[in-house]
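The block underneath contains the structure these notes are about, expressed in structure tokens.
No value in this document is a laboratory result; all are computed from the given coordinates. Quantities reported herein were computed from a predicted structural model and do not represent experimental measurements. Glycine gets a Cβ as well: all are built from the backbone with ideal geometry, and neighbour counts include every protein chain shown.
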Amino acid sequence: MTDQEATELIRKALNEVVPDRAAEWETVSLDHTIESLNLDSIATMEMVGVLEDLTDSTFPDEALPKVNTLGDLAALAKNAG
């Protein structure tokens, strides 16, 4: 999976969880922090869950607290399997 493909998957997950901010999600990049998305904790976990569904995987619980940027999340998606 390329960075572009990972970014598109993250955007798709964000659009599914918070569709009313679709225009904003078009500008997110792997450099964005999770905090900068201004999602509450439930929406953040829903977004991760959608991403897991899109990659047909489950991210390791011990890896999730280390995720600070969308790039970190993309790395989990790339290594999913």
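Key figures for this structure:
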quantity: Net charge of Cβ neighbours under 15 Å - reference residue 65; Lys, Arg +1; Asp, Glu -1; calculated: -3
quantity: Tensor-based shape of the stretch 3-78 (alpha-carbon gyration tensor, a/c under 1.5 rounded, otherwise prolate or oblate); calculated: rounded
quantity: Among 57, 29, 41: highest mean-square fluctuation, GNM of the chain, C-alpha pairs under 10 Å; calculated: 41
quantity: Fewest-first ranking of 31, 53, using other Cβ atoms within 10 Å as the exposure measure; calculated: 31, 53
quantity: The chain - charge dipole about Cα centre, Lys and Arg +1 at Cβ, Asp and Glu -1, debye rounded to 20; calculated: 100 debye
quantity: GluC sites (Glu not before Pro) restricted to the stretch 34-81 and DSSP loop, no more than 12 other C-beta within 10 Å; calculated: 62
quantity: Residue order, fewest to most surrounding Cβ atoms within 10 angstrom, among 47, 1; calculated: 1, 47
quantity: Dipole of the chain, positive end: most advanced residue of 59, 10, 79 [Cβ charges, Cα centre]; calculated: 79
quantity: Ellipticity estimate at 222 nm from DSSP helix runs (n ≥ 4, -39,500 (n - 2.57)) divided over the chain, nearest 500; calculated: -15500 deg cm²/dmol
